[in-house]
């Protein structure tokens, strides 16, 4: 969840245009469309996708099922004009072949998505015992690793601001599943029993639409759940859901997942009023806004969609959704370098990841940049693939898995 792969040593260079297709072990066509990041367990790679089925739906029927939007928003979004089959996919790590495909549900979405979005943007989650597939308004599904559904949970329909689309990934910790449900209706955070799907607790939230995935951390000797929000960053007791502390400072359309280390959480929001905050969680109680619990904050060059990366005592952040990188001292907020434009990358939705002393940055246009981790800027490699990428990469040992709009790639030494 933190984007760091401690024991991995993946390739630095890759290409499918050179004659030798260097380090591209395989690529496999993905059925349907989605932005969920790949998840690896032993010899399997799991993905979520949404596949159009049946005949195209006429505009009059779409108007009956999907709400009307302002003109400016209609120009920047898309509505579902087919029923969608929401599927869970398992790929073989060695060959790239699809081992199994399971349909969770088939439905006509009640809302559209942003022009760059998808109806399968949340990532699957597994602990090697259960596999969770979350399709937001269309349900949470718990499967075994062969895709047999053990239980499912329906939370109702989300009302997402301006039909920007859904995409918050659930958190699995021990036998507890945590789902953050922020939208334009009654928002809440809920904990479920992994084995049965039964609710352990549910806490309402004074929040509007967010897409930030919650994290579980240990602070003051206890487990707590931290969520980023438009109105508040919050810490909840893991066992009871009780609100422990909160801090204001972020703004609307919060997307980046919080990052935590040594009692400090780093949060960001990059739409309109942009801000990165470092908040001391240790000892935090009640409302800590405007207290010394806010260690530092910066209001320039802040990430919008990609999460921050805290690796080798350096905090990495991208500017908006652009290929412009800044690196900070996580203790003081001092700028080590940046804003630095990454060569060849025009836009970034994927979060940066770290492995073997390197940082991997995946651009939307198929161009990727690998840099040395540290306080100075050094490019090790620039690479290109014939696809577009919005999903964050997954790494294991000497392999990188990249989910494109069309293909799943395995990059291996």
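No value in this document is a laboratory result; all are computed from the given coordinates. Here the structure is a predicted model, which means the values were calculated and not measured.
Numbers for the structure displayed
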item	result
Antiparallel bridge percentage (DSSP; both residues within the stretch 241-344; nearest 5)	90
Antiparallel %, DSSP beta bridges [both residues in the stretch 285-413], to 5	95
Per principal axis, descending, Cα span of the chain in whole Å	58, 54, 46
Inverse mean reciprocal Cα-Cα distance (Kirkwood Rh) of the stretch 37-165, Å	15.7
The stretch 169-299: C-alpha gyration tensor shape, a/c 1.5 cut-off, then a/b vs b/c	oblate
Cα coordinate range in the stretch 165-232, projected on the principal axes (Å, largest first)	30, 30, 19
Helix-only mean residue ellipticity at 222 nm for the chain, each DSSP H run of n ≥ 4 adding -39500 (n - 2.57), per residue, nearest 500	-500 deg cm²/dmol
Max mean-square fluctuation residue, GNM over the chain, Cα-Cα springs under 10 Å, options 354, 174, 235	174
Directionally averaged shadow of the stretch 86-222, computed from the convex hull of its alpha-carbon atoms, nm²	9.7
